[in-house]
């Protein structure tokens, strides 16, 4: 049983069009891995989609959003009824 998160992320990246199809561990070979890497670095549609996603991520204020969510959570915790 594989407990790592890489298969999940590979599926997500592929679904977004930003990477090649994941290779199930049982089907992994040097040739299949080489083919997937080659596709990831040469396929123009993958490159375009990865760039689009990268621009969106760079435009986000992840730290600011995290702070806002933390403060909202802290306020709800302070406001909850005490037992």
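With the chain as the region, which helices (runs of 4 or more DSSP H) entirely inside it contain at least 3 residues that are more than 18 Å from the chain's Cα centre (by Cα) and surrounded by 11 or more Cβ atoms within 10 Å (Cβ to Cβ)? Don't jump to the end; show me each part of the working.
Numbers: elements: 6-15, 30-42, 44-59, 62-79.
So the answer is 30-42.
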*Name the pairs whose Cβ atoms lie under 8 Å apart, with the first residue in the stretch 20-33 and farther than 25 Å from residue 47 by Cβ, the second assigned to a loop (DSSP other than H, G, I, E, B), and 6 or more positions between them or separate chains?*
25/2
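FYI, it's all coordinate maths here, none of it is from the lab. The structure presented is a predicted model; accordingly, all values stated were derived computationally and were not measured. For neighbour counting, all protein chains shown are included, and Cβ atoms are generated from backbone atoms with ideal geometry for every residue, glycine included.
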